[in-house]
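The values are calculated or read from the model by the stated rules, or taken from the named source; none is laboratory data. No experiment lies behind these values; they were computed from the predicted model shown. Here the Cβ positions follow ideal geometry from the backbone for every residue, glycine too, while neighbour counts run over all protein chains shown.
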Amino acid sequence: MTNQHGHILVVDDNRMNRIKLSAGLEQQGHCVTLAEHGKQALEMMRAQSFDVVLLDIMMPEMDGYQVLEQIKNDSTLRDIPVIVISALDESNSIVRCIEMGAEDYLTKPFDPVLLKARLSASLEKKKLRDLERAYLQQEVMLRQSEKLATLGKLSAGMAHELNNPIAAVQRGAGHFRAAITQAQQALLKLGESSLTKAQIDILLAYDQLAQKRAAEPTDLDSLMRCECEDEIKIWMEARGIENAWEFAPALVNLGYDNNALAALAENFTSAQIPAVIAWLSSTYLIYSLLEELGQGSGRMAEIIRALKAYTYMDQAPVQSVDVHEGLDNTLVMLRNKLKVGIDVHRQYAENLPRIQAYGSELNQVWTNIIDNAVEAMQGRGELTLRTRQEEQWVVVEIEDNGPGISEAIQAKIFDPFFTTKAPGKGTGLGLNISHNIIVQKHKGKIAVRSQPGKTCFEIRLPISFEK
Ligand SMILES: Nc1ncnc2c1ncn2[C@@H]1O[C@H](COP(=O)(O)OP(=O)(O)OP(=O)(O)O)[C@@H](O)[C@H]1O
Ligand SMILES: [Mg+2]
């Protein structure tokens, strides 16, 4: 055993004892602090850090037992070893102290060799406890960083998924003002031209048509569209309509060609036609922008709904979980990664029972495994999700047809920080946390079978893990 030095608190009401003990301890190289009574000792322990406490039992007011009890009831002090010192060579008091959590004991008068040996042993234990505490703290930090790692896997895709509808909404809002101004001006001009009742009815019918077409745009390929627009532009220019290029796309979307425009023109005077065309095209534009705004915000709401479902936000940590729902929500969250080149096959068992689980943590597992599969397949391949019930287990298989995991590394993939990815690409925590979530939190099992072209992660979850 190595000779350790530490910060020692000596608690004794007898001044001579204190002086003798501290002199001996200082000679051995320790740093010593003295307390005259139990209350002072506890105050000191809460203010400074000690490696060992030498505690006298027989003291006035608060005796050693009471001090020991308070130390053991305080989570911040409980790990500091206490060696009790008893003047009485009485086995009963020693047994009582050991039962109360004292590390060791010494009887007065002490033998310096024994004191040194027992002190060293206690200091060694304290060092190990400190190491253990530091390790546990590191574990907590590790788990925290893994949570961030899973979040990282999602957030890039989420940001991208949200970007499209946000851009659509912003674009729509930007164009809205111009479209309204144009429609207003056109309407005022039409008003000036004193429309007949029949003409007003025709315009109202066009308004209906514009609403309908905005909701279901005409399905034209780009070549056809160009041809139609050109034809319409020529028709409009021949009638002296300015900015014909601006109106042509909306009129094509409304389903107009030259014949239809000619029919429309029959109902209006040639002075009215430019305003009718401007009004019609801007009305269509307004409805289709509204449609885009509605779809964009609808898509955003859908993403937030999926995120809420994925994280089981607002729900108890342990609940009755539908595994298929969790897998599907995870697929929604990873849609951005999957949509380019991954064919997803869902082979779900019918009537799969719900399981008792930490829903959001299970989704972290699905995310990590699917993310690994997509990365292994470099974004292109087949991903199969299979589920079945086997007695009291729900079994989930996630299979990819990527390059596989060589046997040499199969044993390491669940280790923390094991990664074959380039620095900065992977943390190597994905499978480690998945393993902890399945095995420790759910009392389940996780295993991998892999060969080139086929890698399958099998997860077994007990229907209820508290039985
Ligand atoms: N489906 C798979 N096909 C091939 N190799 C895989 C597959 N899943 C995991 N691996 C291997 O296991 C290693 C560890 O995976 P893990 O998810 O723990 O970390 P990572 O993916 O490297 O990093 P992180 O998940 O933290 O971004 C990967 O680097 C990879 O080599
Ligand atoms: Mg990973």
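For first residues located in the range 417-429 and touching a residue at least 60 places away in the same chain (Cβ under 8 Å), partners that are within 11 Å of ligand 2 (Cβ to nearest atom) and small (Gly, Ala, Ser) and lie 6+ apart or on another chain with Cβ distances below 7 Å form the pairs THR427/ALA149; LEU429/ALA149. Pull up the range 392-431, narrow it to residues that are at pLDDT 95 or above and charged (D, E, K, R), then point me to the one that is farthest from ligand 1 (Cβ to nearest atom). Taking the candidates together, the pick is GLU397. Of the residues making up the range 243-285, just one is of a type in the set (A, V, I, L, M), within 56 Å of the chain's Cα centre (by Cα) and not in a helix (DSSP H, G or I), namely LEU254. Taken together, ALA87, ALA41, ALA102 contain a single residue that is more than 21 Å from LYS127 (Cβ to Cβ) and at pLDDT 90 or above, which is ALA41. Of the candidates GLU231, GLU242, GLU192, the single residue that is loosely packed, with under 12 Cβ neighbours inside 10 Å, over 30 Å from TRP366 (Cβ atoms), in contact (Cβ under 8 Å) with a residue 12 or more places away in the chain and acidic (Asp, Glu) is GLU242. Within the range 119-161, can you find the residues that are surrounded by 17 or more Cβ atoms within 10 Å (Cβ to Cβ), modelled with pLDDT under 85, over 16 Å from ASN432 (Cβ atoms) and among the hydrophobic types (A, V, I, L, M, F, W, C)? Within the range 119-161, LEU154, MET158 qualify. Please enumerate the residues belonging to the range 425-445 that are surrounded by fewer than 17 Cβ atoms within 10 Å (Cβ to Cβ) and either more than 14 Å from ligand 2 (Cβ to nearest atom) or over 20 Å from ILE409 (Cα atoms) (or both). Within the range 425-445, VAL439, GLN440, LYS441, LYS443, LYS445 meet the criteria. In summary, helices (runs of 4 or more DSSP H) completely within the range 319-377 and bearing 3 or more residues that are more than 26 Å from GLN392 (Cβ to Cβ) and at pLDDT 95 or above occur at 359-376. When THR311, THR269 are screened for being free of Cβ contacts under 8 Å to residues at least 60 places away in the same chain and in contact with a Ser or Thr (Cβ under 9 Å, 6 or more places away or on another chain), only THR311 passes. Where residues in the range 314-363 are under 20 Å from SER464 (Cβ atoms) and of a type in the set (Asp, Glu), which of them is surrounded by the fewest Cβ atoms within 10 Å (Cβ to Cβ)? The extreme case among them is GLU325.
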